[in-house]
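Notes follow the structure.
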Amino acid sequence: MKINILFRLISILLIAALVAISVIAFRSEQYMIFWAVEALAIAAIAYMLYFHRRVIKPLQVIGDGMDLLREQDFNSRLRIVGQSEADRIVAIFNRMMEQLKEERLQVRETNNFLDLLIDASPLGVIILDLEERIFSVNHAACSFMAIKNVESFKGKKLSELSEIDNTLITCLLHIEPYQSQIVRLNNATVYKFTHSRFVDRGHSHSFYLLELLTEEVFKAEKKAYEKVIRMLAHEVNNTTAGVIATLDAIKLDAEAGNSDFAGMDADATDVLQTVIERCYGLNRFIANYADVVRIPEPQRTSCSLNELVSSCVRFLRHTFGDKQISVVQELNPDNPVVLIDSALFEQALVNILKNAVESIEHQGNIHIRTTSSPVALEIADNGKGIDSDTESKLFTPFFSTKPNGQGLGLIFIREVLQKHDCIFSLKTGTDGITRFMIGF
């Protein structure tokens, strides 16, 4: 029971008792007692009014303040009651409410700013709740993972999304707690995944950061291998030029019967010719590296994708025939048109087809398909495929699975496709078919 109601009840009972006594005294003609009780009643009423103003009313005001705190209504304030001790409490309470209001407003503004900052951040952010379920996913994470309906992901655990064919989710599931990991995917993109935690209202929440490092990594790689290639080309060309010139002079003198080399037989001359050819071969080897550095900017024109594919297949037909490889072309009848540098793109396409042929080695099938909505090209083969370890190293400079490979083919393809703003991936599926997908 509230103290104000209790006070009123006691006051009513006391006054009722005094009135009853005064009535009895008046009827029994005991007027002295009657006037004494009347005076006592007046004094009691005065004292109760004083007690109410000095004690009950301040307590009531403080009780109202407790109700405001309980309801978290920080906009209301308590009134001054005219009692010094109580007014001090009221002043402190009102100041506290003002501070709480300002702090709540500041927290809301900070949270709103953080929400906007997270949503606008180029970093993908996935926040989990206390049960390790997805609580929030920002715009960048949705873009990286091709999430269209965010609400369908919220409330689920990452492990419950493993059935979705999304490589990023698989990578997130394998990150060690509080660790970072850099992963290169089969479409040449490079991500940095980070797991960490933050504390909210005393509870620890997990979150993941996804950072796209493709452009930075490619710039660093290109700067590194350009420097290495230029240095190699300079040293090798200077050396081979002098060796070739010297050997050519010796060979010419021997063939002309010069006295210094008159005793040189035909075998020795053949050896000289072989060494000269090897020097020229070394120059061509280095030139292949230099060509990757000097890929020109594409001069784009409208081109039929079907005609480009057919032209490349005709060019490599002799390679297919020797290995008993069947090529199936499923070209879209809508004849999709792409805006590309046909000469440059054709070189990349030839490299892709050569890789498919070399993967099959002998007897197999290559299936080439074009689509118009969206415009895309798929080259599939049933060769030996790509294992998971190799897949993580694809499109890396100087990496090759071939015994005598230079590791330049996929780098050249990557550079050409990126210059054409293409989306691409290279992966062996569960059916054993290796597919090179290119989207325009």
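Tabulated data for the structure shown
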| item | result |
| --- | --- |
| Number of positions in region 379-391 that are surrounded by fewer than 21 Cβ atoms within 10 Å (Cβ to Cβ) and more than 31 Å from the chain's Cα centre (by Cα) | 2 |
| Test: Lys222 is in a loop (DSSP other than H, G, I, E, B) and surrounded by 13 or more Cβ atoms within 10 Å (Cβ to Cβ) | no |
| Enumerated strands (runs of 3 or more DSSP E) restricted to region 334-440, each holding at least 3 residues that are closer than 26 Å to Tyr225 by Cβ and at pLDDT 85 or above | 423-428, 434-439 |
| Hey, Thr301 open to solvent by less than 80 Å² (accessible area, probe 1.4 Å) and either at pLDDT 85 or above or on the phi > 0 side of the Ramachandran plot (or both) or not | yes |
| From Asp129, Asp165, residue being modelled with pLDDT of 80 or more, open to solvent by 20 Å² or more (accessible area, probe 1.4 Å) and over 10 Å from the mean Cα position of the chain (by Cα) | Asp129 |
| Check on Val309, of a type in the set (A, V, I, L, M) and open to solvent by 10 Å² or more (accessible area, probe 1.4 Å) | no |
| Residue check, Ala86 at pLDDT 75 or above, under 25 Å from Leu49 (Cα atoms) and either within 50 Å of the chain's Cα centre (by Cα) or surrounded by 11 or more Cβ atoms within 10 Å (Cβ to Cβ) (or both) | no |
| Given (1) buried (at least 17 other Cβ atoms within 10 Å of the Cβ); (2) in contact (Cβ under 8 Å) with a residue 40 or more places away in the chain, number of the condition Phe153 does not satisfy | (2) |
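Let's see how each residue does on (1) under 16 Å from Thr301 (Cβ atoms); (2) open to solvent by less than 60 Å² (accessible area, probe 1.4 Å):
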| site | (1), (2) |
| --- | --- |
| Leu339 | yes, no |
| Phe345 | yes, yes |
| Ile352 | no, yes |
| Asn355 | no, yes |
| Glu358 | no, no |
| Gln363 | no, no |
| His367 | no, no |
| Ser372 | no, yes |
| Leu377 | no, yes |
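Here's the yes/no breakdown for (1) over 30 Å from Ile413 (Cα atoms); (2) touching a helix residue (DSSP H, G or I) at 6+ places or on another chain (Cβ under 7 Å); (3) in contact (Cβ under 8 Å) with a residue 12 or more places away in the chain:
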site: Ala120; (1), (2), (3): yes, no, yes
site: Ala146; (1), (2), (3): no, no, yes
site: Glu160; (1), (2), (3): yes, no, no
site: Ile169; (1), (2), (3): no, yes, yes
site: Phe193; (1), (2), (3): no, yes, yes
site: Phe198; (1), (2), (3): yes, no, no
site: His203; (1), (2), (3): yes, no, yes
site: Ser206; (1), (2), (3): yes, no, yes
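The values are calculated or read from the model by the stated rules, or taken from the named source; none is laboratory data. These figures come from a predicted structure and were not determined experimentally. When we count neighbours, we look across all protein chains shown, and the Cβ atoms used for this are built from the backbone with ideal geometry, even at glycine. Calculation scope for accessible area: heavy atoms of the full protein, side chains included, ligands and nucleic acids excluded. Shrake-Rupley method; radii C 1.70, N 1.55, O 1.52, S 1.80 Å.
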